[in-house]
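Written out below as structure tokens is the structure these notes cover.
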Amino acid sequence: MKVLVCVKQTFDTEAKIELKDGKISDAGINLIINPYDEVAVEGAIQLKEKGIAKEVVVLSAGADKAMDAIRTALAMGADRGILVKQDTAADEYQRAVALAAAIKDENPDLILAGHVAADDGSSQVPTRIAEILGLPHVNVITNIEIADGKAVCTSEADGGTQVTEVSIPAVISSQVSWNEPRYPSMKGIMQAKKKPVATIDAVAADAKSTIVEFSLPPAKTAGVKIEEDPDVAAAKLGDWMKNTVKVEVK
Amino acid sequence: MAGTWVFVEQRDGNVRKVTYEMISKAKTFGDEVSAVVFGKGVEGLAADFAKYGADKVYVVEGDVFANYNTGAFVAQIAAMIQEYNPNAILFAHTFNGRDFASRLAQKLEAGLATDVIDAEISAGKGVFTRAIYAGKALAKVEITTSPILATVRAGVFEVVEGAGAGEVVKPAVAATDADVYQTVKSFEPTVSARPELTEADVVVSGGRGCKGPEGIKIVEELADLLGAAVGGSRAAIDSGWLGHELQVGQTGKVVNPNLYIAAGISGAIQHLAGMSSSKFIAAINTDPEAPIFNVADFGVVGDLFKVVPLLCEELKK
Ligand SMILES: Cc1cc2nc3c(=O)[nH]c(=O)nc-3n(C[C@H](O)[C@H](O)[C@H](O)COP(=O)(O)OP(=O)(O)OC[C@H]3O[C@@H](n4cnc5c(N)ncnc54)[C@H](O)[C@@H]3O)c2cc1C
Ligand SMILES: Nc1ncnc2c1ncn2[C@@H]1O[C@H](COP(=O)(O)O)[C@@H](O)[C@H]1O
């Protein structure tokens, strides 16, 4: 079985966000694999270790810099990579179209992705890819079992835990609680340098949405902070809750 | 153009509050507002939507709609879009809502703004505000593809009552079992007597500072005194002290209560992403430098094991 994993390169989650010329500035920002995608890479490697997957291919659409994200996934244990050169400002539709075209050429048995990108927070691209390819999809999974041409996935749904079965090929997106991604070993990092990465151009498509303005949220002003004996502190906090917030006590 | 549609988020006839929030917001666009409900035995809900101002209620009943499944829901709504031509459709930004909206958007080759916290819709144009980079920045997104599609964050729009005609419309059923490509093998509901996280007026959350189930119990006692939902940081969830559905933050739920109380939570950016837009925030933490104090309206530097039980006593007075 061939497993393909979509990895997006994103800002380090700790990065301070600043605007420059009305756009989000990436100057001096450390770039990482989207944490949800890192989990998907780990999931794919574990499928390989269990003998279920034969090959793990990582696919990323973005600037030349996204090669680093691919190399990191290769160092974790993926076999080869594909970089689709695309403007990082591409919208969800453009990204889905470009990724789906590359996936179609690869014809994998399973497509894994993160369920959301930590930067744009869209949660759209994997489901869009599934629609383009005419494949079933399941989102926000915390476990997957593959057998008899089917994937049985456990998801964090609203109000409970859902188990969904789909035929494969399918597009499956991961939640971070699925697994704990490994750190690449020194050996892995050395080997990653020799693993093949193909570079292709993105299929052209028109954007379907436009960001017309970026801004920073109004800075939240810190309120009062008290450091007193527990009974005094509790009384003051209780007073604030009753009189300012106006909570109801059952 | 037949106004704004609000897709009703419900399970077994229990409607999520975000549905009413969306109807109330849609009313401000000045155009006709319709609720769209798919399910089995859901017609009785129509009056409910009229109460919040729905002019029309599209009711689609059938076995294939009994539980959410992407294939049948997309096939059905796509046929209805063809027939009735809505200007815009709003979905809840939930597990099901974002799944539905994303697949529909791609089928229509349309734009979609997800997890929106503000919306302005006019004929043929939607302008939406979204939080990006875990809430560290905001983006205004414009959508002009038809219909205008968005998923809406729970808890940001106020519910306003307003009588609507609530005229029931029964569109032709266009989906069949052949459209279903996901088989739900099981659904294990989380049972809790407490309100749902994203719908609660007050949320009390515990973090690693609770040190274990005993500390969580203290947090729960405060929550029950306030009729609040209980939440947790990822550290508390990963330690197994609370169920995964109670995680607040980027990976978990985004909450917008009137009051959020963080006990023993440091305030990492991924946690703030899920609660910093709460109206009031209180924090109890032993570390005066904890970043949670930067967003707290009322911070107590202290031991939650001491302060919280005393606070409960105080509130009971
Ligand atoms: C991709 C990604 C996604 C993530 N998503 C989320 C998410 O959705 N939600 C989330 O919460 N985190 C998330 N995290 C994790 C996040 O970065 C933090 O690790 C986590 O929020 C820390 O939880 P905490 O504040 O409970 O623990 P800690 O950071 O360990 O803080 C514990 C706090 O308790 C205080 N304390 C200790 N003892 C006491 C006492 N007796 N009384 C009072 N205070 C006490 C300490 O001073 C400290 O500030 C994510 C991380 C990543 C990388
Ligand atoms: N440019 C990209 N390259 C590779 N994968 C992507 C890209 N954009 C999105 N994805 C995948 O789609 C998931 C959800 O992204 P989004 O819809 O942007 O929130 C990510 O976690 C990735 O797995």
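The values are calculated or read from the model by the stated rules, or taken from the named source; none is laboratory data. All values derive from a computational prediction rather than experimental measurement. Every residue, glycine among them, receives a Cβ derived from its backbone with ideal geometry; neighbour counts consider all protein chains shown. Accessible surface is based on the protein model in full, side chains and every heavy atom, while ligands, DNA and RNA are left aside. Shrake-Rupley method; radii C 1.70, N 1.55, O 1.52, S 1.80 Å.
Numerical summary
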read-out	value
Residue-averaged beta-carbon neighbours from other chains (10 angstrom radius) around A:211-223	6
Residue with peak Gaussian network fluctuation, chain A [Cα springs, cutoff 10 Å], from A:Glu228, A:Glu18, A:Glu180	A:Glu228
Total charge dipole magnitude, segment B:197-316, about the Cα centre, Cβ charges on Lys, Arg, Asp, Glu only, Debye to nearest 20	200 debye
Options B:Ser122, B:Val173, B:Val36, ranked by Cα towards positive dipole end of segment B:4-179, top entry (Cβ charges)	B:Ser122
Peptide B:175-184 - average C-beta neighbours from other chains (10 Å radius)	3
Among A:Ile17, A:Ile144, A:Ile189: highest mean-square fluctuation, GNM of chain A, C-alpha pairs under 10 Å	A:Ile17
Entries of A:Lys20/A:Lys246; A:Lys23/B:Lys17; B:Lys217/B:Lys279; A:Lys8/A:Lys48 with Cα pairs more than 32 Å apart	A:Lys20/A:Lys246; A:Lys23/B:Lys17
Residues B:Lys211 and A:Lys242, FRET efficiency given R0 of 35 Å [Cβ-Cβ distance, rounded to 0.05]	0.80
Unit charges at the beta carbon, dipole of segment A:2-201: most positive-side option, A:Ser173, A:Thr161, A:Ile70	A:Ile70
Degrees, to the nearest 10: B:17-27 long Cα axis against longest axis of chain B	60 degrees
Rough spin-label spacing in nm, given labels placed 7 Å along Cα→Cβ, for B:Glu289 and A:Glu49	3.6 nm
Shielding by other protein chains, B:263-275, mean Cβ within 10 Å	1
Efficiency of FRET from Cβ geometry, A:Lys193 and B:Asn258, R₀ 45 Å, rounded to 0.05	0.25
Extended-chain gain in nm, criterion 0.36 nm per residue less alpha-carbon gap, A:Val224 and A:Asp12	73.2 nm
Antiparallel %, DSSP beta bridges [both residues in the protein assembly as shown], to 5	40 percent
Segment A:Ala147-A:Tyr183, length gained on full extension (0.36 nm per residue, minus Cα span)	10.1 nm
Cβ charges +1 (Lys, Arg) and -1 (Asp, Glu), total dipole of segment A:2-201, debye	780 debye
Of A:Lys50/A:Lys195; A:Lys250/B:Lys51; A:Lys195/B:Lys140; A:Lys242/B:Lys140; A:Lys250/B:Lys253; A:Lys250/B:Lys56, pairs whose Cα-Cα distance is over 31 Å	A:Lys195/B:Lys140; A:Lys242/B:Lys140; A:Lys250/B:Lys56
For the pair A and B, total buried accessible area rounded to nearest 100 Å², probe 1.4 Å	7100 Å²
Choice from A:Gly223, A:Gly159, A:Gly81 showing the highest fluctuation, given a GNM over chain A with Cα pairs closer than 10 Å	A:Gly223
Ranked packing of B:265-271, A:99-105, most packed first, by mean Cβ within 10 Å	B:265-271, A:99-105
About the Cα centre, charge dipole magnitude for chain B (Lys/Arg +1, Asp/Glu -1 at Cβ), debye	460 debye
The protein assembly as shown - accessible surface per residue (Å², probe 1.4 Å)	40 Å²
FRET efficiency for B:Ala165 and A:Glu213, using Cβ-Cβ distance with R0 set to 45 Å, rounded to 0.05	0.75
